[in-house]
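Only the coordinates and a few stated rules stand behind these numbers; no lab work does. If you're wondering where the values come from, they're calculated on a predicted model, not measured in any experiment. Neighbour counts are summed over all protein chains in view; Cβ atoms, including those assigned to glycine, are modelled from backbone coordinates with ideal geometry.
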Amino acid sequence: MSTGIFQVPFPFNEPVKSYALGSKERESLLKTYEELYKKVIEIPQYIGNERVFSGDKINITPPHDHKHSVGIYHKGTAEDVQKAIRTALEARKTWASLSWEHRASIFLKAAELASGKYRDLLNASTMIGQSKNVFQAEIDSACELIDFLRFNTYFMSKIYTEQPNSSEGVWNRTEYRPLEGFTYAVTPFNFTAISMNLPASMALMGNVVIWKPSNKQIYSAKIIMDLLEEAGLPGGVINMVMTDPAETTKQILSHPDFSGVHFTGSTRVFNSFWTEIGNNINHYKTYPRIVGETGGKDFVLAHKSAEPSLLAVALVRGAFEYQGQKCSAASRAYIPKSLWSSVEEKMRFMLSEITVGSPQDTSHFVNAVIDENAYNKIKGYIDRANKAEDAKVIIGGQCDDSIGYFIRPTVILTENPHYESMIEEIFGPVLTVYLYEDEKWDTIFELIDTSTEYSLTGSVFSQDRYAIAQASEALKNSSGNFYINDKPTGAVVGQQPFGGARGSGTNDKAGSYMNLLRWTSARSIKETFAPPADYKYPFLT
Ligand code: NAD
């Protein structure tokens with residue numbers, strides 16, 4: 001039992017390593033990449049302390065080299081899901097009552113391991129399995145993942161210290177209990193950090209978790225489980241199942257002890273969760289918490305006072321880093337006609353320099369999109385734009401899936417602000433640009449605000465403070481993360497809490513205390529030191 005009121009070390013953001021030519025970190029990471037690339041590993045499910053090798057083997061291939069195998073994973077069954085639930089509920093008996101500082105220590109230790117011993121493994125597995133270049137891997141699978149661990153642990157301690165006032169003769173206290181039952185984490189393919197954070201943030205708050213990673217991210221998910229285990233996370237607290245997504249979700253959401261879901265992925269899938277939870281509402285022992293961060297159709301709005309070269313850089317980085325497969329990626333731009341020729345010229349130049357290929361060759365800014373389905377979907381948008389009357393592909397558009405799923409950064413120009421690629425989430429390296437008359441600035445906000453179902457990220461570029469103020473106000477509800485003279489991607493834990501509303505999610509701000517609060521169920525305790533001895537109030541005389 002603790003006999004101190006402990007303070008978690010004040011968190012700092014993990015410094016981003018440069019991987020410059022000749023640097024030690026570059027040599028070390030590329031060596032790990034080569035070693036992993038030559039191996040064929042087997043990935044089991046992690047249920048309690050057991051490693052479940054089902055024998056139903058699914059090949060894992062890098063998106064940039066889809067004929068090459070780096071391993072197989074053992075796909076699980078419906079019985080494995082039930083076993084994971086039983087294991088989690090059993091683990092809850094000890095985990096939920098463990099003093100919080102021990103939970104904190106485990107996740108702080110995980111941060112140190114990720115910063116040191118596991119850094120290359122996390123980055124190399126993300127480069128191989130998700131086709132990220134060195135820098136995109138570093139900011140995700142190393143830095144953001146470490147930041148989630150350090151900051152969330154600190155935020156947890158801040159939540160615990162948040163206590164109510166007490167009147168004379170009374171001591172009021174709040175305790176932040178974990179949710180009853182078990183929780184469910186369902187994670188997307190595109191960020192290794194998110195995939196760790198969703199189960200880890202719930203476990204940090206004392207919950208037990210069934211984690212179903214995306215089957216396109218299993219390679220780095222395995223490294224996360226090894227890391228957490230080495231940090232001392234007891235078996236059964238986070239159980240990683242690799243099972244059919246729809247079937248698993250159906251089983252979990254119909255279980256009476258289900259108490260919360262932490263989801264990141266597409267809007268369509270999240271909506272199906274919510275419907276299912278509604279259908280099962282009479283079966284649960286407690287109302288489940290529903291947290292989902294979902295899709296985006298993120299905008300960049302330029303005012304005529306914007307600096308064209310800075311705008312062009314933001315568009316290239318914001319739209320094409322990690323092949324546009326970020327929920328926050330710039331995918332629709334509204335540019336005044338007077339600026340366009342200058343912006344276009346600069347973008348053309350940058351995009352002519354950019355090469356596309358394997359992340360092992362660090363000269364490539366752009367790598368492969370995640371799989372064949374994504375490739376076909378994105379190519380479909382490009383093919384249709386090539387034939388459209390109200391849109392045309394003006395830069396890029398080349399696709400080649402002979403070795404990897406490669407798509408060159410593509411810019412579509414349209415006169416129709418409701419053209420399909422202006423309003424639908426493509427999740428690929430495609431930016432659509434709509435040009436507006438400079439004097440129509442005042443009317444552009446409503447168009448941006450109402451064109452899509454989403455409200456995730458957005459940017460305004462301007463040198464005119466009145467224009468910035470006007471855009472900030474008019475677009476108040478058009479995004480959950482708003483950027484001024486910056487690209488709409490790259491939120492940093494502890495600095496820009498991330499999330500959006502409308503079709504983009506429940507806006508519970510991953511990487512902040514707001515998210516952690518969802519994984520607790522507070523109990524208010526009132527202790528009275530001198531209870532009344534007479535039932536009569538003074539007014540009764
Ligand atoms: P996805 O919706 O296809 O998959 C997400 C998860 O849901 C995966 O684990 C998947 O296996 C599971 N899933 C898929 N179909 C399911 C079904 N029918 N029933 C139950 N589970 C199912 O998303 P993705 O392709 O992995 O990721 C891309 C999406 O995620 C984009 O829409 C992107 O905008 C979104 N995203 C949002 C954020 C954010 O913070 N808002 C962050 C990252 C990604």
Legend entry - Highest-first arrangement of 400-408, 253-261, 533-541, 422-430, where packing means the average Cβ count within 10 Å: 422-430, 253-261, 400-408, 533-541
Inset, instruction - Report the local net charge at Arg26: Lys and Arg +1, Asp and Glu -1, summed over other residues whose C-beta lies under 14 Å from its C-beta. - result: -2
Legend entry - the range 298-484, relative contact order [Cα under 8 Å, separation at least 6], %: 28
Legend entry - Rounded to 10°, Cα long-axis angle of helix 465-474 versus longest principal axis of the chain: 60
Legend entry - Sparsely packed GluC sites (Glu not before Pro) within the range 121-215, loop by DSSP, other Cβ within 10 Å at most 16: Glu162, Glu168, Glu180
Inset, instruction - First check a/c for the range 123-236, with a ≥ b ≥ c the square roots of the eigenvalues of its C-alpha gyration tensor; if it is under 1.5, answer rounded, and if not, answer prolate when a/b is larger than b/c or oblate otherwise. - result: prolate
Inset, instruction - Provide the packing ranking of 362-374, 344-356, i.e. peptides ordered by the mean count of other C-beta atoms within 10 Å per residue, highest first. - result: 362-374, 344-356
Inset, instruction - For the range 223-301, calculate the relative contact order in percent as a whole number, restricting contacts to Cα pairs under 8 Å that are 6 or more residues apart. - result: 32
Inset, instruction - Report the relative contact order of the chain, percent, no decimals, based on alpha-carbon pairs under 8 angstrom and at least 6 residues apart. - result: 17
Legend entry - Cα-based Rg / Dmax (Å) for the chain: 24.8, 93
Legend entry - Acute angle (nearest 10 degrees) that the helix 100-115 long axis makes with the longest principal axis of the chain, alpha-carbon atoms: 30
Inset, instruction - Counting helices only, and only those DSSP H runs with n ≥ 4, report the 222 nm mean residue ellipticity of the chain as the sum of -39,500 (n - 2.57) divided by its residues, in deg cm²/dmol to the nearest 500. - result: -12000 deg cm²/dmol
Inset, instruction - Pop out the ³J(HN,Hα) list for the range 181-196 in order, Karplus 6.51 cos²θ - 1.76 cosθ + 1.60 with θ = phi - 60°, rounded to Hz; leave Gly and Pro as x. - result: x, 10, 10, 10, 10, 10, 10, x, 7, 8, 10, 4, 4, 5, 5, 6
Legend entry - Rounded tilt (10° steps) of 78-95 against the dominant C-alpha axis of the chain: 50
Legend entry - Cα-based radius of gyration of the range 298-484 once divided by 2.2 N^0.38 Å, which approximates compact folds: 0.99
Legend entry - Neighbour net charge for Phe191 - beta-carbon separation under 11 angstrom, K R +1, D E -1: -1
Legend entry - Euclidean distance of C-alpha centroids, the range 146-196 and the range 428-457, integer Å: 37
Inset, instruction - Arrange the peptides 109-121, 455-467 so that the one whose residues have, on average, the most other Cβ atoms within 10 Å appears first. - result: 455-467, 109-121
